[in-house]
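The values are calculated or read from the model by the stated rules, or taken from the named source; none is laboratory data. The structure presented is a predicted model; accordingly, all values stated were derived computationally and were not measured. FYI the Cβ positions are ideal-geometry reconstructions off the backbone, even for glycines, and counts take in every protein chain you see. What goes into the accessible areas is simple: the full protein's heavy atoms, side chains included, and nothing from ligands, DNA or RNA. Shrake-Rupley method; radii C 1.70, N 1.55, O 1.52, S 1.80 Å.
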Amino acid sequence: MLQTLRAIPGYAEFLRSGLALTPANFGIKYVRWPYDPAVSAGGGLTSSVPSRWQSELDGRIGWIRAFDPSLHGRYAGGSFVQVGMTSEASSVPYGRMEGGTWYQGMLRADGSYDWSKLDLLLASAQAKGCRVLMSIGAQGEYYDGTRHTEYPLPTGEYRSLDPDAYYARWIKFLDALLDRGGDRIAGIEVANEPGKLVRRNTVIGPGWTESLSIKCRILKQLVRAKRLQTLVVSPPFQGGEYGEVKAFLTASAAGPALYGVDGTGSVGRDWIDVCAHHLYGNFADRAAGGSTAAIDAAGFNDVAADAAYPANTTFADILAKAAGVRSNAIAGGWRGPLWNTEFNCTGSVGTSAWCPRKLTQSGFERVIMQAMIGSFLGGFDLAVWYAADHPALGLFDNTGSVPVGEPADWYFKAPDNTARGAAALASVIGILTAGEFAGGRTDGYPWFASGARPLVSKTGVFI
């Protein structure tokens, strides 16, 4: 494989960069922790068909980014409150979600807590030698296909109606979460891909972007008070949402006081340890006769899909996205580490039958390599691959029977059909951590320090 990879776009640049990578620079992300059985409508863990842990990745990765357990849980229609859906225009109607049926999140309606999934996640990740980055989904909004909808906390508080009650509950929840998880939770993102939340400041009025800064401030204050090492990671935006990065970093964190500090005069960047983004690209071109149309027509594990994919320019697109994020982070006053906490090799989801499993393992390795080196050469210290539990995103096949307890249109139809994609990802990480890059140069990449250097967080915490 290595000889073949030397010819792909970006690989020579990576060899010259002198980056020294370890498993701590890599992670995977799931919608649900793979040991976790499916949930039933009553919130119980009832399925006898747990998802398959991708054992090919054992020893290759240092991080798990967990999307569940979340603050809210999952709406009965199948959607998490925190799912991104960031491409829709913010001019569509705004409304509030009232009622509805939920799968249980960590915060129950009566104000008590359900830590069953959290305990499972932390113990399982520890057994695998992985740190946990939790994305707890506190943006409280979603796009339901017709309007941007604000959800209350499970206990009923809307931020826009009663911010004092809302933040009081937020403080109480975070206090309990940190007491339960402690330093076993290595990092927390308070929200996931909240681009449309930021854009509400223009469409509806101020306060939405600021809510993210306030939540990060409160989290950081609690982490400090408890003397934990848990990192506060910025709410990651995605793809070309460059202006949103700057908007968050410069948004006021003034709000409810905690320990006598109300955040007056401070902004989002003052309360985070890491600035995160999701480097999804626009390289899945669906033009008639284009490369992705050729992938659509290909079979599964088909060299025809491999032949179609180079025109999607994975490396160049992700490198360009990284540059856009980096320049806006700098404009927002950020000088700390950048993490890519979710990405993969597709720029489109659910629009047709194409998915990475159509590639051969060799083809998949090449595409993953292009995406990975684009992220690292773009200046991001951590690359978290969306592993993922959906065939249009990553390693799972969309064939077979729906596991007991899962909605018919949801993920994990064939949790055992992951070996080929997982093996491809493991192979790429193995090559990138093999150590052949030490002693290289940084020609053409001035944002790196001169000479070879390890990729380590500027906080000195996670490696």
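Please name all residue pairs, on different chains or six or more residues apart, with Cβ atoms under 7 Å, provided the first residue is in segment 200-228 and is under 13 Å from Arg159 (Cβ atoms) and the second residue is open to solvent by 60 Å² or more (accessible area, probe 1.4 Å) and not charged (D, E, K, R).
If the second residue must be open to solvent by 60 Å² or more (accessible area, probe 1.4 Å) and not charged (D, E, K, R), the pairs left are Ile204/Tyr94.
Taking the options Leu197, Leu222, name whichever one is in a helix (DSSP H, G or I), buried (at least 22 other Cβ atoms within 10 Å of the Cβ) and not β-branched (Val, Ile, Thr).
Leu197
Anything in segment 126-185 that is over 30 Å from Val203 (Cβ atoms) and surrounded by 20 or more Cβ atoms within 10 Å (Cβ to Cβ)? List them, or say none.
The answer is Cys130, Arg131, Val132, Leu133, Leu177, Gly181, Ile185.
Go through segment 200-217 residue by residue and tally those that are closer than 30 Å to Gly62 by Cβ and open to solvent by 10 Å² or more (accessible area, probe 1.4 Å). I'd like the intermediate steps shown before the answer.
Filtering segment 200-217 down to residues closer than 30 Å to Gly62 by Cβ leaves 212-213, 215-217.
Okay, now just the ones that are also open to solvent by 10 Å² or more (accessible area, probe 1.4 Å), so none.
Selection size over segment 200-217: 0.
Among residues belonging to segment 246-256 that are assigned to a loop (DSSP other than H, G, I, E, B) and either in contact with a Ser or Thr (Cβ under 9 Å, 6 or more places away or on another chain) or of a type in the set (Val, Ile, Thr) (or both), point out the one that is nearest to Phe173 (Cα to Cα).
Ranking the candidates gives Gly255 first.
For Gly268, only one of the following conditions fails: (1) of a type in the set (Gly, Ala, Ser); (2) surrounded by fewer than 20 Cβ atoms within 10 Å (Cβ to Cβ); (3) modelled with pLDDT of 90 or more. What is its number?
So Gly268 meets the others, but not (2).
Would you confirm, using the coordinates I've provided, whether Gly129 is on the phi > 0 side of the Ramachandran plot and touching a Gly at 6+ places or on another chain (Cβ under 8 Å)? Step through it out loud before you land on a result.
On the way: on the phi > 0 side of the Ramachandran plot: yes; touching a Gly at 6+ places or on another chain (Cβ under 8 Å): yes.
So Gly129 passes the test.
Which one is modelled with the highest pLDDT, of the residues in segment 334-350 that are open to solvent by 10 Å² or more (accessible area, probe 1.4 Å) and over 16 Å from Tyr280 (Cα atoms)?
Trp334
So, in segment 107-124, exactly how many residues are at pLDDT below 85 and open to solvent by less than 20 Å² (accessible area, probe 1.4 Å)?
So the count comes out to 2.
Since Arg147 meets every condition but one in (1) in contact with a Phe, Trp or Tyr (Cβ under 9 Å, 6 or more places away or on another chain); (2) under 18 Å from Leu219 (Cβ atoms); (3) of a type in the set (Lys, Arg), which condition does it not meet?
Failing condition for Arg147: (2).
Do we find a residue being modelled with pLDDT of 55 or more and open to solvent by 50 Å² or more (accessible area, probe 1.4 Å) anywhere in segment 352-370? Steps first, answer last, please.
Within segment 352-370, the first condition is being modelled with pLDDT of 55 or more, and the residues that meet it are 355-370.
Filter again for open to solvent by 50 Å² or more (accessible area, probe 1.4 Å), leaving 361-362.
Checked against the condition, which is being modelled with pLDDT of 55 or more and open to solvent by 50 Å² or more (accessible area, probe 1.4 Å), segment 352-370 yields at least one hit.
Looking only at segment 278-290, decide whether some residue is at pLDDT 70 or above, surrounded by fewer than 20 Cβ atoms within 10 Å (Cβ to Cβ) and among the acidic types (Asp, Glu).
No, segment 278-290 has no match at all.
Looking at (1) open to solvent by 20 Å² or more (accessible area, probe 1.4 Å); (2) in contact with a helix residue (DSSP H, G or I) (Cβ under 8 Å, 6 or more places away or on another chain); (3) part of a loop (DSSP other than H, G, I, E, B), which one does Gly243 not meet, given that it meets all the others?
Single failed check for Gly243: (3).
Report, by residue number, each residue of segment 125-170 that is outside any loop (DSSP other than H, G, I, E, B), touching a Leu at 6+ places or on another chain (Cβ under 6 Å), within 21 Å of Val198 (Cβ to Cβ) and at pLDDT 90 or above.
none
Just checking, does segment 68-80 include any residue being open to solvent by 50 Å² or more (accessible area, probe 1.4 Å), at pLDDT 55 or above and under 22 Å from the mean Cα position of the chain (by Cα)?
no
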